[in-house]
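As structure tokens, the structure follows; a few thoughts come after it.
The values are calculated or read from the model by the stated rules, or taken from the named source; none is laboratory data. Please read these numbers as outputs of a predicted model, since none were measured by experiment. So basically every Cβ, Gly included, is an ideal-geometry build from the backbone, and we count neighbours across all protein chains shown. To get the accessible areas, we keep the full protein, side chains included, count just its heavy atoms, and leave off ligands, DNA and RNA. Shrake-Rupley method; radii C 1.70, N 1.55, O 1.52, S 1.80 Å.
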Amino acid sequence: MHTSKAPVSDRTDENIIHMNAIPYIDVTPPYFALYNLSVRNPESTEDSPTIVGYFRREQPVGPKSATSWCASEIARHAAILGSVAAAFSNPVKEKHYYLALDGTGELGRTPSSPELRGEARIISAAWEKRRVKCEIAALNPDGSLVAKLTIAYAVVTEPMLLMIVNPVPQEHVFGTPWQAGEPSPYEDPIQLRMVKMHSSEQATAIMSLHNRRNMAGHFSVVSAAPIAMLMSNGLMLCRKMLEDIPGKLWCDMRTRIRCQRMVVAGEMIELRAKKVWGPFYSHQVEFVDEEGKIFGVLDHLFKSVPAVEEKARL
């Protein structure tokens, strides 16, 4: 067992940072979009080191959103930063896959800048059980809180990853590799098809994942749909259920997503959304595979604000 720390740099050269982080988490651009990574308290014996990184907004928000960031995009960058924090503290200094299984988020009410700072630290780890949990804060440049997330990961090796992947015939997969300099597919991760509004309280849609290009950068050995992509599409379906309510804009307040397994290129999944009675506007989305099995659930709480309080888009 090696004892040297995973090389997380505080240099601002993005290529150097990418080269240092990627070998330990196997997440590459365009999905990996953190920069200026640094570590705080690397030698502390009382607290786990805090990994700091920055990220810029890529994904546009919908026309009835009262915030300037999508909750799922914040979750995307937070999940990657959490995996970097886990890789830094993992006593086995080699490549692992940090699979987000359960994530919760509380969204702050402060306006968001186009650039946010993330701070991630481990709050519990059971390396022998291949489990780690991280807390990640997303902050405005002035330090005000935008969101706080807690994400639980399964920590697996490459052979283990390949064993748990759901086999998909390759004829169901297409798409050319993403090339540096091309637009990021994560600027528009919505892949909903056959959207059906069954009532004001129920909706379904199909999410086709046949184009591996839409999952570019999320693992090199297999094209896997990031959990934040599932979240993006689930939230879009929920927002469609809110479109016909007049005079309202919508804020993300609280979210939780749980997934039992990875979704890989070639799969087609169904999203089943429903309104859940509770405070404000609560929705639940079930993710269903082609065999009819529910493998993931998203619970999300929206808050409405009058449309006259239209935000200043940053």
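A few notes on this one:
- Residue list for the stretch 161-197, restricted to those being farther than 16 Å from ILE269 by Cβ, aliphatic (A, V, I, L, M) and outside any helix (DSSP H, G or I): ALA180, MET197
- Scan the stretch 267-314 for residues that are modelled with pLDDT of 90 or more and outside any strand (DSSP E or B) and the total you get is 6.
Results for (1) of a type in the set (Phe, Trp, Tyr); (2) within 26 Å of GLN284 (Cα to Cα); (3) part of a strand (DSSP E or B), shown as yes or no for each residue.
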position: GLY62; (1), (2), (3): no, yes, no
position: HIS77; (1), (2), (3): no, yes, no
position: ALA87; (1), (2), (3): no, no, no
position: TYR98; (1), (2), (3): yes, yes, yes
position: GLY105; (1), (2), (3): no, yes, yes
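- Note on the stretch 198-247: residues that are of a type in the set (Val, Ile, Thr) and part of a strand (DSSP E or B) total 2.
- Close pairs from the stretch 279-306: first more than 16 Å from SER200 (Cβ to Cβ), partner open to solvent by 30 Å² or more (accessible area, probe 1.4 Å) and outside any strand (DSSP E or B), Cβ under 6 Å, at least 6 apart: PHE295/GLN260; PHE295/ARG261; LEU301/PHE280; LYS303/PHE280
- Residues that are in contact with a strand residue (DSSP E or B) (Cβ under 6 Å, 6 or more places away or on another chain) and of a type outside the set (Phe, Trp, Tyr) within the stretch 277-289 comprise SER282, HIS283, GLN284, VAL285, GLU286, VAL288, ASP289, listed in sequence order.
- Residue within the stretch 30-43 that is in a helix (DSSP H, G or I), open to solvent by 10 Å² or more (accessible area, probe 1.4 Å), at pLDDT below 85 and over 20 Å from LEU230 (Cα atoms) present: no
- Candidates in the stretch 194-242 are the residues that are closer than 24 Å to LEU301 by Cα and small (Gly, Ala, Ser); of these, the one that is surrounded by the most Cβ atoms within 10 Å (Cβ to Cβ) is GLY234.
- Residue check, VAL173 in contact with a His (Cβ under 7 Å, 6 or more places away or on another chain), aliphatic (A, V, I, L, M) and closer than 26 Å to VAL52 by Cα: no
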